[in-house]
1. Within the stretch 85-128, which residues are exposed (fewer than 11 other Cβ atoms within 10 Å of the Cβ) and at pLDDT 95 or above?
2. Here is a check on your reading of the model: is residue 10 out of contact with any helix residue (DSSP H, G or I) (no Cβ under 7 Å at 6 or more places or on another chain) and either loosely packed, with under 14 Cβ neighbours inside 10 Å or part of a helix (DSSP H, G or I) (or both)?
3. Looking only at the stretch 32-58, filter to residues that are touching a residue at least 12 places away in the same chain (Cβ under 8 Å) and assigned to a helix (DSSP H, G or I); which one of those is farthest from residue 103 (Cα to Cα)?
4. For the stretch 59-78, what are the residues that are within 30 Å of residue 106 (Cα to Cα) and without any contact (Cβ under 8 Å) to a residue 24 or more places away in the chain?
């Protein structure tokens, strides 16, 4: 309901006297802007929580962004299949690189946590 009210309130500020094609285009741009602003205001967005992926760092984020950009390139070219297509090849290469790096970071994180637990247990044994 808040979403509809926000759009309605914003649209009441304008008059819609359409007399030319340019005015139609302007009206459409205005409607798009009003709807986007209402969405930004009323629809909650979530971000990833650091505690859910503590192994995530800037290296992994950069690799992920590279993969997403190359996927977008591949999609805009019509999703051609086959290694003879550069966009497909580069996307698959980046996807593999990201996947390998992700597994490496997860494994390293698990190993470090295991090592910390092991050290803690050793310290408890020596205390008693």
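The values are calculated or read from the model by the stated rules, or taken from the named source; none is laboratory data. What you see is a predicted model, and the numbers here were worked out from it, not measured in a lab. Here the Cβ is made from the backbone with ideal geometry for all residues, glycine too, and neighbour counts use every protein chain on show.
1. To start, the set of residues in the stretch 85-128 that are exposed (fewer than 11 other Cβ atoms within 10 Å of the Cβ) comprises 103, 111, 114-128.
Correct list: 103 only.
2. Values: out of contact with any helix residue (DSSP H, G or I) (no Cβ under 7 Å at 6 or more places or on another chain): no; either loosely packed, with under 14 Cβ neighbours inside 10 Å or part of a helix (DSSP H, G or I) (or both): yes.
Taking the combined requirement at face value, the residue does not satisfy it.
3. Of the residues in the stretch 32-58, the ones touching a residue at least 12 places away in the same chain (Cβ under 8 Å) are 34-35, 37-39, 41-43, 54-57.
Then keep just the ones that are assigned to a helix (DSSP H, G or I); that gives 34-35, 37-39, 41-42.
Details: 34: 42, 35: 40, 37: 38, 38: 39, 39: 36, 41: 37, 42: 37 Å.
By that ranking, first place goes to 34.
4. Start the filter on the stretch 59-78 by keeping residues that are within 30 Å of residue 106 (Cα to Cα), which leaves 59-75.
61, 62, 65, 68, 69, 72, 73, 74, 75 - these are the residues of the stretch 59-78 that are within 30 Å of residue 106 (Cα to Cα) and without any contact (Cβ under 8 Å) to a residue 24 or more places away in the chain.
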